[in-house]
Every structure is written in C-alpha cells, then in structure tokens.
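The values are calculated or read from the model by the stated rules, or taken from the named source; none is laboratory data. Since we're looking at a predicted model, the values are computed, not measured. Heads up, the Cβs are rebuilt from the backbone with ideal geometry, glycines too, and the neighbour counts pull from every protein chain shown. When the accessible area is computed, the model is the full protein with side chains, heavy atoms only, and any ligands, DNA or RNA have been set aside. Shrake-Rupley method; radii C 1.70, N 1.55, O 1.52, S 1.80 Å.
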Amino acid sequence: MTTHGQRKLRLLYIVHRVPYPPDKGDRIRAYHIARYLSSRGDLYLACLADEPVAPGVTEHLLQYCRQVAIEPQSGLKRAVQMSWWLCHGRTASEGAFWSNRLAQRLRSWADAEPFDIVLLSSSALHTYLDLPELRNTPAIVDMVDVDSQKWHDYAQRLRPPARWLYRLESRRLMHVERLLARRAQAVTVVSRDEAELFRRVCPDGPVHAVTNGVDLSYFSPDGLPAEKACVFVGALNYFPNVEGMVWFCQAVWPELRKRHKDAHLYIVGRQPCKRVVNLARNDHVHVIGSVPDVRPYLYRASVAIAPLRIARGVQNKVLEALAVGRPVVASPQALEGLGVTPGQHVFCAREPQEWVAVLDRLLTDPQLGAHIGQAGRRYVEQFHQWESCLAPLGDLIHQLARTPRHSLQATR
C-alpha cells in the first residue's frame, strides 16, 4: 500500500500490552493486527508491559515491525498512577496506560518523520494523541469493546465501595468515548452488537465492526477420541471468567456429577486467583492453571464450556474451541458477538437445568458432539479467518491514506 508514488505508509500502532505471545484475548487481537499492518506499510510498534517480557519477544515482533518499543510498568507505579488520575477527574484506565518514557519514544519517532496513521489498541490510550507530534495524525482507535458498558456491567455484580468506583469509571469512560468520536477518524469494535452499543453512546461516531479471527492452522481438529470431560479455557484472574466458573461449579457441576460420576472438569488458564484455586475442592474439578499450549486440554475434553454471565464482544475461547472441532456449550452472553446458530454450531444454555440437560446429552452421545463440533469448525472457516476479518481495517487505512489531511473531519 502506498500514499504518494511508491512510498510505503508509515504506521504507528500503540498497544496497551505486549502483543506476544498471543495467549489471551487482547494480545491475540493485537498480535494479528500487527501482522496485518506490517503488510501494509512500515510498522512502528509501541507497547507497555505489566509483567516480565520473555526472552525473544522483541526479536519475534521485529519480524513484522520496523521498530519496537516496550516500556515496562511496575504494579506499584501503575496503581499510583491510576489513583492519581482518578482523583484528578480522569479515568483509572487512562492512568494505567500512561508512560512518560513511552511518550518520549513516540515523540522521537514522529519527530524524525511524521506518521501517516496512528492506531490505538484501546480507548484508554487516547492521551497519546495529544502529543504535539501526533496531534494532526489521522487516528483509528480500536476500542474492541465499549468499555463504559463493561465497567457498568461489572458494577452490577459488585458490592459497595467497589460498585461505586466501577460506576464512576463507567461514567468517565463514556465521556472519553464521546471525545474519541470527535477526535478519531475511525473507531473500531469487535462486533456489530458493540457497534450498535457505541452508536447509542455516540450517535454520530465513526464506528466500524472489525471482528476477531482464529488461527485455523494452529487450532485444528485432532480426530482423536476425547475423555468424558468438560474444559474451560481463559484468564483465571479476569473477573467475568472467575465469576462464571464459580457459578458453574456451584450451580451446574454437582448435578452433572450425579448423572456422570466419571466426568471431569478441567479449568485451564493464566494466573488462577484464590477463588478459582479453591474450585479444585469440588470432586473431579482440576484447576490446571497456566500452560504453554491449551490445545492438549481442548483435545482431551469432549465438551468446551463458556458459562460467562458477563461478556462483551467476541470470546476467543469460543472461537478456539470451535476451531478444534469441539462442541461448545455457552451462555447467551458469551455468544452475543458471534453469528452462530444455537443447536447447529453450538449449544446455548442459560439456567442451571438447561446446562445440565445439554451437557448430559453431549457426555452421553459422543456422535452428537462430533456432529456439532464439525459444524462449528465449518463456521469459523467461513467467517473467522484473520485476513478476511481484518479486511475492513485495511479498507479504513487505505481510505485515510488517500484523503488529504486538510479535509479530514475531526475536532482537534
């Protein structure tokens, strides 16, 4: 892709967490976007690190990027910044992802040669757009989800004083989202449902749906028989995952075990919190924790579950389970961002008795599970290949690259 003559686009991608390895939701999306952008220009990747960066990460990212800047952030520093920004009328999210050192690196890059387009991986990063060297650069903000609604949903499940803080964050983030609707040339979210939600917040906002894909060569069926087991895969310190699995183990698992005394439940994911660790006290519940590769557990289990009662956007855990050909049972919330047909590609369950009934069927009838699993694989092959999923983002970049800056309709 070129702008004038044969000059390659100079693209800046600011990411709130290091996008490699792609082992959790935000990293998966950011990693594949970075690879996609690298084929459309010279990519400069700037990101923050809230945990140790493994050896070889920078070298891997440099395969796709002209330059990579990773700025470490200590937990204490981040907590102090979040509190400071919150006390001064801003959002904790903005404070969590601000770094003076990273800002200086961005200014240095932009001062050497202006960027054609800047892309942000989160609405909380919008403060970097106020840097003098980036103020007039066309911007795309990949909000992914409407965060103001996410924090509102969290508040509904919590007690004071956490509820009050989450509601405050929700209100202030809504102000940020309305600001971005005026400042950015485009806002992207992960599904049409999220786009409609954003339009309710910002009726005139330039919002576009750019859904998630799944690595179909990595997550592929193995064709081997599975044991009588359910599996959940996800970050185990993430509130919606924790709340969902605690609910499942209390409301569904005991009754299912009465019907299938030889059934097992595997809970797999990064950084299990104490509430999740304690779930291993239940019969045949195994809290595996972090693993280098989740596929052996997806292959091992006959059913993948996603019992989330709070969910936004597209659940990568569902896409990955569908891709390996496992039947998926999920809550309505976990399926909202997908175009699947319940009963054809997946099973949907809401109340405990529905969960027990459908899991009982799948654990009793492996052929039913295989049939649904094959349909799920065909669905992701048709609708969730990364290249086609990110094509709308490529169209936006192409459009902005061809539009003279003086005609871009944005309020600075």
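If you go through segment 94-125 one residue at a time, how many are in a helix (DSSP H, G or I) and open to solvent by less than 20 Å² (accessible area, probe 1.4 Å)?
We begin by selecting, within segment 94-125, every residue in a helix (DSSP H, G or I); these are 94-96, 100-112, 123-125.
Next cut, open to solvent by less than 20 Å² (accessible area, probe 1.4 Å) only: 94-96, 102-103, 106, 109-110, 123-125.
Within segment 94-125, residues that are in a helix (DSSP H, G or I) and open to solvent by less than 20 Å² (accessible area, probe 1.4 Å) number 11.
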Q.
Condition first: aliphatic (A, V, I, L, M), touching a residue at least 60 places away in the same chain (Cβ under 8 Å) and crowded, with 17+ Cβ neighbours inside 10 Å. Now tell me which residues in segment 217-253 satisfy that.
A. A226, A229, V231, V233, A235, M245, V252
Q) Among the residues of segment 167-188, which ones are within 25 Å of Y128 (Cβ to Cβ) and open to solvent by 70 Å² or more (accessible area, probe 1.4 Å)? A) R171, H175, R178, R182
(Q) Quick check on my filter: what residues within segment 341-365 are among the β-branched types (V, I, T), open to solvent by 20 Å² or more (accessible area, probe 1.4 Å) and within 23 Å of the chain's Cα centre (by Cα)? (A) T341
**Q.** Residue in segment 338-350 that is in a helix (DSSP H, G or I) and in contact (Cβ under 8 Å) with a residue 24 or more places away in the chain present
**A.** no
Q) Just wondering, is there one or more residues in segment 158-170 that are modelled with pLDDT of 95 or more, touching a Ser or Thr at 6+ places or on another chain (Cβ under 8 Å) and not in a helix (DSSP H, G or I)? A) no
Q.
If I filter segment 295-314 down to residues being open to solvent by less than 20 Å² (accessible area, probe 1.4 Å) and out of contact with any Lys or Arg (no Cβ under 8 Å at 6 or more places or on another chain), which single residue comes out as nearest to Q250 (Cα to Cα)?
A. P307
Q | Filtered residue count, segment 260-301, keeping only those that are hydrophobic (A, V, I, L, M, F, W, C) and part of a helix (DSSP H, G or I) | A | 5
Q: Return the residue satisfying two criteria in turn: it lies in segment 126-150 and is within 16 Å of the chain's Cα centre (by Cα) and not in a strand (DSSP E or B), and of such residues it is surrounded by the fewest Cβ atoms within 10 Å (Cβ to Cβ).
A: Q149
**Q.** Number of the exception - R257 against (1) among the charged types (D, E, K, R); (2) surrounded by 17 or more Cβ atoms within 10 Å (Cβ to Cβ); (3) more than 20 Å from Y154 (Cα to Cα); (4) in contact with a helix residue (DSSP H, G or I) (Cβ under 9 Å, 6 or more places away or on another chain)
**A.** (4)
